[in-house]
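I have placed the structure first, in the form of structure tokens, so that the comments after it can refer back to it.
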């Protein structure tokens, strides 16, 4: 089946299950106190847009854009189920987020990811994100890696 990606509400049961899988995955890599999650309810707030990747109707990946103001937004909740990794789904989700940010005139995208998320680093770096110091109000810890991408002047 073809993988589809669309903007959806995170409040659907299958998306909630996907987000729970994402959280479980992150807790295996990073101590819980250093995981900065958005709940499904927070993902449903007006300043957040969520994309869901589906394979034959099954939710298999997600990513979100959280706007902090008209100038800066954050990439959040990027995840692809293990069964579907290596198929470019994360890259496609990030592309949707980038396109939306560009369409809205966002000037800079930032993100925080874990120190053991090597596959995520590769996706972000291939998309032109550069490592930087702490962004927004995230603490500078050994468990975090920060990225930013300038979109417009």
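The single condition among (1) farther than 25 Å from residue 141 by Cα; (2) within 11 Å of the chain's Cα centre (by Cα); (3) surrounded by 17 or more Cβ atoms within 10 Å (Cβ to Cβ) that residue 15 does not satisfy is (2).
Scanning the stretch 31-48 finds one or more residues that are surrounded by 22 or more Cβ atoms within 10 Å (Cβ to Cβ) and touching a residue at least 12 places away in the same chain (Cβ under 8 Å). Restricting attention to the stretch 136-153 and to residues that are in contact (Cβ under 8 Å) with a residue 40 or more places away in the chain and part of a loop (DSSP other than H, G, I, E, B), the residue that is nearest to residue 101 (Cα to Cα) turns out to be 151.
Within the stretch 110-128, restricting attention to residues that are part of a loop (DSSP other than H, G, I, E, B) and over 20 Å from residue 27 (Cα atoms), the residue that is nearest to the chain's Cα centre (by Cα) is 127.
The set of residues from the stretch 36-61 being over 26 Å from residue 140 (Cα atoms) and in contact with a helix residue (DSSP H, G or I) (Cβ under 8 Å, 6 or more places away or on another chain) comprises 49, 50, 51, 52, 53, 55, 58, 59, 60, 61.
The residues listed here are 30, 49; of these, the one that is in contact with a strand residue (DSSP E or B) (Cβ under 9 Å, 6 or more places away or on another chain) and more than 23 Å from residue 152 (Cβ to Cβ) is 30. Within the stretch 101-121, can one find any residue that is exposed (fewer than 14 other Cβ atoms within 10 Å of the Cβ), over 26 Å from residue 34 (Cβ atoms) and either touching a residue at least 60 places away in the same chain (Cβ under 8 Å) or touching a helix residue (DSSP H, G or I) at 6+ places or on another chain (Cβ under 9 Å) (or both)? No: zero hits. Taking the stretch 55-81, which residues are in contact (Cβ under 8 Å) with a residue 24 or more places away in the chain and more than 16 Å from the chain's Cα centre (by Cα)? Matches in the stretch 55-81: 55, 56, 58, 70, 71. Among the residues here, residue 131 qualifies as more than 12 Å from the chain's Cα centre (by Cα), modelled with pLDDT of 95 or more, over 19 Å from residue 65 (Cβ atoms) and surrounded by fewer than 17 Cβ atoms within 10 Å (Cβ to Cβ).
The values are calculated or read from the model by the stated rules, or taken from the named source; none is laboratory data. The structure presented is a predicted model; accordingly, all values stated were derived computationally and were not measured. Cβ sites come from the backbone with ideal geometry, for glycine too, and all protein chains shown count toward neighbours.
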